[in-house]
Amino acid sequence: MAVVGRLHDLPEGPWSPGEPVVALTFDDGPGDATDAVATALARFGVPATFFVVGSVATEEPDLLAALVTAGHTVGSHSWSHRRIDDASDRDLAEEVVRTAMMIEDATGRPAPWFRPPYRKADAPRWDAVAGPLGFHTVTWSVDPRDWEAREPVAIATAVLDHLHPGAIVLLHDGGGERSATVEALPLIVHGARLAGYRFVAL
């Protein structure tokens, strides 16, 4: 399997090449902001993709099922959000497979999408392990660094200034305090739609 993120953008899907579509993705959940993110997305009719940490998400199977019922996609963000430096290929495979199995048990849907934790530069190694197992490794092309930003307008501006057809936007609903991300979502949605973009999930 090719690393989707090597192109940084959406793979082929039910949209035309060059069509102004964008995917919002959320990492590190489920977290304190997941419900608020899901509520905001529902208000605007926006589907998204949630890459969950298995060791956290296993405690919230009903939430994963609710996300899928609402039209979102749930993918793996590894079991423990570990770094690859001291991990064997077998360790990495277990991180991906264990989380995907948990997601499928909770939602009744396969979970073929995988996002590596931490660095985009780690994606080739993760993909070398996960690809032969049938997983698609996804990175991103727009990163507003919402995990360190405190101003919703700054987050939204960083997203909107870098939108392009097929963009994959990296946001976070877990791993810390994410109120600024939640508050940025209406600005992102309105701005993208004014620019002619349509939101899609993986």
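Which length gain, in nm to one decimal place, applies between residue 16 and residue 198 when the Cα-Cα distance is subtracted from 0.36 nm times their residue separation?
On the way: separation 182, 0.36 × 182 = 65.52 nm, distance 1.20 nm.
Length difference between fully extended and current span is 64.3 nm.
Determine the percent antiparallel among the DSSP beta bridges restricted to the chain, to the nearest 5.
Roughly 5 percent of the beta bridges in the chain run antiparallel, per DSSP.
Run the quick spin-label model on residue 187 and residue 162: label points 7 Å from Cα toward the beta carbon, then report their separation in nm to one decimal.
1.6 nm
Can you tally the net charge around residue 46? Count Lys and Arg as +1, Asp and Glu as -1, for every other residue whose Cβ sits under 10 Å from the Cβ of residue 46.
Net charge in that neighbourhood comes out at +3.
If we count every other residue with Cβ under 14 angstrom of residue 163's Cβ, Lys/Arg +1 and Asp/Glu -1, where does the sum land? Present the calculation step by step, with values, prior to reporting the outcome.
Values: positive: 193, 198; negative: 9, 19, 143, 161.
Once all neighbours under 14 Å are counted, the net charge is -2.
Mind checking which helices in the chain clear 15 Å along their axis (Cα) and have mean Kyte-Doolittle hydropathy of 0.5 or more, DSSP H runs only?
Qualifying helices, which must be both long enough and hydrophobic enough, are 34-44, 179-194.
For the chain, what is the mean residue ellipticity at 222 nm derived from helices alone (per DSSP H run of n ≥ 4: -39500 (n - 2.57); sum divided by total residues; nearest 500 deg cm²/dmol)?
Working: 7 runs with 76 residues, N = 202.
Value at 222 nm, helices only: -11500 deg cm²/dmol.
For the pair residue 83 and residue 143, how long in nm is the line joining their label points, each one 7 Å along Cα→Cβ?
Going from the residue 83 label point to the residue 143 one covers 1.5 nm.
Report the rotationally averaged projected area of segment 1-93 based on its alpha-carbon convex hull, in square nanometres. Can you show the working numbers first?
On the way: hull surface 30.6 nm².
With the hull built on Cα positions only, its mean projection is 7.7 nm².
Could you let me know the centre-to-centre spacing of segment 18-57 and segment 153-202, using Cα atoms, in angstrom?
10 Å
Could you tell me the center-to-center distance, by alpha carbons, between segment 98-122 and segment 65-79 in angstrom?
9 Å
Please list 3J(HN,Hα) in residue order for segment 142-149, calculated via the Karplus relation 6.51 cos²θ - 1.76 cosθ + 1.60 where θ = phi - 60°; whole Hz, with x for glycine and proline.
So the J values, rounded to whole Hz, are 10, 10, x, 6, 5, 5, 10, 7.
Suppose every Lys and Arg Cβ carries +1 and every Asp and Glu Cβ carries -1, with no other charges. What dipole size does segment 4-199 come out with about its Cα centre, to the nearest 20 debye?
I would put it at about 480 debye.
For residue 172, list long-range residues whose amide hydrogen, built 1.01 Å from N in the peptide plane, is under 5 Å from its own amide hydrogen.
The answer is 27.
Every number in this text was worked out from the coordinates using simple rules, so none of it is lab data. From a predicted model like this one, the values you see are computed outputs, not experimental measurements. When we count neighbours, we look across all protein chains shown, and the Cβ atoms used for this are built from the backbone with ideal geometry, even at glycine.
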